[in-house]
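Asker: This is the structure I want to talk about, given as structure tokens.
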């Protein structure tokens with residue numbers, strides 16, 4: 001699975017941002033306190049891709065959901081149904097667990113992925129913007145320091 005994560009990062013022009021390791025991924029998925037889950041799609045005897053996800057929560061719905069962190073399908077298997085199968089399984093899992101939604105983010109330049117999601121019937125949440133604290137900004141926020149003007 002980790003090699004597929006690296007493949008995705010390369011596709012997204014962000015290979016230098018992969019700082020995790022195989023051991024860290026293993027702990028996150030199979031350690032004493034797993035924080036994520038994964039579904040794997042095989043074509044024949046070969047892993048074609050996977051979906052890595054975790055439980056989210058909607059305060060307005062007062063219900064859990066699934067946040068799809070990454071959907072990865074190796075390039076040579078794209079168009080063979082692996083991505084659709086993973087999304088179908090995720091949707092079924094959300095319903096089985098009584099969750100109200102399945103959500104994810106997609107890069108605005110990734111037209112093939114956007115088209116794929118549109119064909120599934122996914123709606124765009126255009127009035128929301130993804131925000132992030134990491135690195136020094138996260139450290140500063142934890143110390144309650146005011147950002148420099």
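The values are calculated or read from the model by the stated rules, or taken from the named source; none is laboratory data. What you see is a predicted model, and the numbers here were worked out from it, not measured in a lab. Positions of Cβ are generated from backbone atoms using ideal geometry, with glycine treated the same way; all protein chains shown enter the neighbour counts.
Asker: Hey, any hits in region 91-104 for a residue that's surrounded by fewer than 12 Cβ atoms within 10 Å (Cβ to Cβ), modelled with pLDDT under 95 and at positive phi?
Answerer: No; the residues of region 91-104 include none that is surrounded by fewer than 12 Cβ atoms within 10 Å (Cβ to Cβ), modelled with pLDDT under 95 and at positive phi.
Asker: Shifting gears a bit: Taking region 91-116 on its own, how many of its residues are in contact with a strand residue (DSSP E or B) (Cβ under 9 Å, 6 or more places away or on another chain) and more than 22 Å from residue 6 (Cα to Cα)?
Answerer: 10
Asker: Just one of 40, 66 is in contact with a strand residue (DSSP E or B) (Cβ under 9 Å, 6 or more places away or on another chain), farther than 21 Å from residue 121 by Cα and not in a loop (DSSP other than H, G, I, E, B); which is it?
Answerer: It is 40.
Asker: Residue 69: at pLDDT 95 or above and either surrounded by 12 or more Cβ atoms within 10 Å (Cβ to Cβ) or on the phi < 0 side of the Ramachandran plot (or both), yes or no?
Answerer: So residue 69 passes the test.
Asker: Okay, next question. Among the residues of region 43-63, count how many are touching a residue at least 40 places away in the same chain (Cβ under 8 Å) and assigned to a loop (DSSP other than H, G, I, E, B).
Answerer: Summing the residues that are touching a residue at least 40 places away in the same chain (Cβ under 8 Å) and assigned to a loop (DSSP other than H, G, I, E, B) in region 43-63 gives 1.
Asker: Within region 11-25, which residues are over 23 Å from residue 111 (Cβ atoms) and either part of a loop (DSSP other than H, G, I, E, B) or touching a strand residue (DSSP E or B) at 6+ places or on another chain (Cβ under 7 Å) (or both)?
Answerer: 18, 19, 20, 21
Asker: For region 26-37, which positions are touching a strand residue (DSSP E or B) at 6+ places or on another chain (Cβ under 7 Å) and either in a loop (DSSP other than H, G, I, E, B) or under 20 Å from residue 134 (Cα atoms) (or both)?
Answerer: Answer for region 26-37, where residues must be touching a strand residue (DSSP E or B) at 6+ places or on another chain (Cβ under 7 Å) and either in a loop (DSSP other than H, G, I, E, B) or under 20 Å from residue 134 (Cα atoms) (or both): 35, 36.
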